[in-house]
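Data block below; observations after.
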Amino acid sequence: MEKGQGQKSANNGESRSNSGSGRRLAAIIVLLLLIGVFWFVVTDNPNVSGFRDKMLSYFDNGDTEDPDAGTEDSGTGAQDSGTGSSDAGSGSSGTGSSGNVTVLNTNDLPEFNGEHYVTVNNNVPAFPDEVYERAGYTKEGQAGSSSDSRGLVSEQGNSWKKKNNEVVPYEFYNELDDLGRCRAAYGCLGEETMPAGGTERGDISRIHPSGWAKAQRWERCHLIAWALSDENANEGNLITGTHYLNHDGMRPLEEEVEHYIWDTGNHVLYMSRPIFAGDELVARGVQMVARSVEDNGKGISFNVYLFNTTPGAEINYFNGVVTTQEQAEQEARVYVINTRSGVFHYPTCEGAQSIYKKNRKEVTATRKELTDQGYIPCGYCEP
């Protein structure tokens, strides 16, 4: 009898042990699932976030915006852009220039002339006072002319001089304005501000700069290139830009500065300022100003305004919709509008088929007529 009771007790103990192990295993599985769900929801991985947005769109009956189909910015590496030659900087920057403006006026900006940029102030760099001050310069008073002996004259007309021939490397990014738009980014750039060797650029897909529109081939354009600043998803440093501006226009000038710093170990005063017209959310262009410090501008010196445009296309700078010549010539056809989100679709689009009846409206119109009314093309079917 005692033996039988001992066997029963052992069996009960083994059962309880197996039951406890099972509960622990189940708890671990649940915990791993929760971690996986949390990662799926918050990750910025572009492959996962794109699938996530598409999947979630099925559960809201078409009332959310279409997923982001725009492209990343090209960054600044050591690749060649192959877009011709330039006299903006001191080296061969690879962009084209034609024309000059004395000063940039947001009410009277230069018209696109088929070139990547026009020079400003005869290509002579001039920065706001705070750019010099943060770099450790001393204000010498009001300049007697448009440039002193060293050319260090601010936009406010003050003359600045280095303290003991020393400079302070730094970067500065302004807060967004009341419309959520970037303002000027500037600094005294050098090896201290650049990414360490072997560093890979981080993901920036979670940033949607002002005027960002889905499926319009926009790029997230760094005001100060990652290769010069080691800045990734900084909303104060990313604007909505065309490939023509970002890769063909800005990148060659950025690479010129990058190569100069690596070759010399010197520093460069640098400013990149988006220029908006009125309350528009997409910048009409970007003013880039740079001047090398230790050699007083002999290595790097330029002041240019680059056009944020795509040749042959029409851009709505209020909402970011881009219309190509082919799209502008399309004939009227049936579209489905989500009146809540303002997005229009082809009738066969999955997004159109899932719109709530109260928010669904069918119209016969041209694409341009809809975009002119402020409607946004769907990011999936890309009408």
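The values are calculated or read from the model by the stated rules, or taken from the named source; none is laboratory data. Keep in mind it's a predicted model, so treat the numbers as computed, not measured. No Cβ is skipped: glycine too gets one built from the backbone with ideal geometry, and neighbour counts run over all protein chains shown.
Structure notes:
- Cβ-Cβ under 9 Å pairs, at least 6 apart or on other chains, the range 128-149 side surrounded by 15 or more Cβ atoms within 10 Å (Cβ to Cβ) and assigned to a loop (DSSP other than H, G, I, E, B), far side among the small types (G, A, S) and modelled with pLDDT of 90 or more: P128/A184; A135/G187; S147/A126
- Within the range 234-279, the set of residues being in contact with a Pro (Cβ under 7 Å, 6 or more places away or on another chain) and not aliphatic (A, V, I, L, M) comprises T240, Y244, H267.
- Among (1) touching a Gly at 6+ places or on another chain (Cβ under 8 Å); (2) within 20 Å of K214 (Cα to Cα), the one test that F307 misses: (2)
- Matching residues, the range 315-340, being under 14 Å from Q216 (Cα atoms) and touching a Leu at 6+ places or on another chain (Cβ under 8 Å): Y317, F318, N319, G320
- Taking the range 333-343 as the range and being surrounded by 13 or more Cβ atoms within 10 Å (Cβ to Cβ) and free of Cβ contacts under 8 Å to residues at least 40 places away in the same chain as the test, the residues that pass are R333, V336, I337, T339, G342.
- For the criterion of being surrounded by 13 or more Cβ atoms within 10 Å (Cβ to Cβ) and not assigned by TED's automatic domain parsing to the domain that holds A290, Y346 passes.
- Selection of the range 364-380 for residues being free of Cβ contacts under 8 Å to residues at least 40 places away in the same chain, in a loop (DSSP other than H, G, I, E, B) and surrounded by fewer than 19 Cβ atoms within 10 Å (Cβ to Cβ) yields T366, Q373.
- Scanning the range 193-229 for residues that are in contact with a Cys (Cβ under 9 Å, 6 or more places away or on another chain) and among the polar types (S, T, N, Q) yields a single hit, S210.
- K298 meets the conditions (1) in a loop (DSSP other than H, G, I, E, B); (2) surrounded by fewer than 21 Cβ atoms within 10 Å (Cβ to Cβ); (3) not assigned by TED's automatic domain parsing to the domain that holds Y132 in every case but one. The failed one is (3).
- For S341: the one exception among (1) assigned by TED's automatic domain parsing to the domain that holds S154; (2) over 20 Å from the mean Cα position of the chain (by Cα); (3) among the polar types (S, T, N, Q): (1)
- Of the candidates P311, P383, the single residue that is touching a strand residue (DSSP E or B) at 6+ places or on another chain (Cβ under 7 Å), more than 30 Å from L269 (Cα to Cα) and not in a helix (DSSP H, G or I) is P383.
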